[in-house]
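A short worksheet on the structure shown next.
The values are calculated or read from the model by the stated rules, or taken from the named source; none is laboratory data. The model shown is predicted, which means the values in this text are computed figures rather than measured ones. Note that we place each Cβ from the backbone using ideal geometry, even for glycine, and neighbour counts take in every protein chain shown. The protein model used for the area step is the full one, side chains on, heavy atoms only, and it has no ligands, DNA or RNA in it. Shrake-Rupley method; radii C 1.70, N 1.55, O 1.52, S 1.80 Å.
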Amino acid sequence: MENAVFTRSELDGYFASYVGMEGGNPGASVWFCDGSPHPWFEHLTAPLRPRTAPPAWDAAFRTTYRESLGKWMGHQHIARIMAAARAEVLGLPLYATDCQQYYEQQLYGPWGAEFKLSLFPLPLHLDGLTPWSKVFRGQRELVPKQRYLDLCRHGGRFRFLSEICTRWQPKLVVCLGHRHTEDFIRAFALGDVVAEELLLQPADQAKHLRMFKRRGTGWIICPALAGTSGMNSDALLNAFGRLLATYLNPSDFHIPKDRG
């Protein structure tokens, strides 16, 4: 990071954009929203330029990060969910190779079936070792971390998330991690919506979900995709994909032949 110290206004404008998102197809019916991005491809360099168009995992991206793709387990879990949903919707068997092929060829594609965004634009742990206060030393609007979080919550970032969701109107927004529940509700203005409690139990593992519905969009707040309390087994991920499929139809997985 450069030595430039950014003002609150500069950071607010920068964060109120597609910065810190894997992206994909914003016109897709299924969105996934995480707390913060990982891995991170943005850099705080002057001048700050908001990302006005969503990124995607296109051919160039996959070539550039070919050596890293195999390490991104969270994204692989999302690919498994979407492969299971696709198989269920299209009435196809789900083979072991389908999830890997989906990950390697379709996930977050510019014309694909999903879009990935994040509540906050900066990763909470850049390398897992360096403290936040050291990474952003001298940035008065980022340190302490609470100041940065409040800037996103009450500034342009959360307003931007609500605006693009209203603009694109996905069928489903999958919100990853119960610990972010209050921020999901705030970001998508769900405070006055009564939640429905759902139970995902493919075998002896039970996971509690909360679903909010408003104007054709459903938000499902679910456990994270990692950790001892998360959806970290193939059985749970496949079952969750089948659950999503009940809200989808074949057209949600249609990719134009010249854009596949």
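Filter region 149-160 down to residues that are surrounded by 15 or more Cβ atoms within 10 Å (Cβ to Cβ) and free of Cβ contacts under 8 Å to residues at least 60 places away in the same chain and give me whichever is nearest to Arg215 (Cα to Cα).
Phe158
Among residues belonging to region 182-208 that are open to solvent by 80 Å² or more (accessible area, probe 1.4 Å) and assigned to a helix (DSSP H, G or I), point out the one that is farthest from Ser229 (Cα to Cα).
By that ranking, first place goes to Arg186.
Which of the residues belonging to region 26-46 are open to solvent by 30 Å² or more (accessible area, probe 1.4 Å) and touching a residue at least 24 places away in the same chain (Cβ under 8 Å)?
Listed by number, the residues that qualify are Gly27, Asp34, His38, Trp40, His43, Thr45, Ala46.
Condition first: farther than 17 Å from Met21 by Cβ, open to solvent by 30 Å² or more (accessible area, probe 1.4 Å) and out of contact with any Phe, Trp or Tyr (no Cβ under 9 Å at 6 or more places or on another chain). Now tell me which residues in region 167-181 satisfy that.
Result: Gln169, His178, Arg179.
Looking only at region 123-146, decide whether some residue is touching a strand residue (DSSP E or B) at 6+ places or on another chain (Cβ under 9 Å) and β-branched (Val, Ile, Thr).
The answer is no; no qualifying residue exists.
Could you look through region 246-260, keep only residues that are surrounded by 10 or more Cβ atoms within 10 Å (Cβ to Cβ) and modelled with pLDDT of 80 or more, and pick out the one that is nearest to Thr217 (Cα to Cα)?
Per the stated criteria, the residue is Tyr247.
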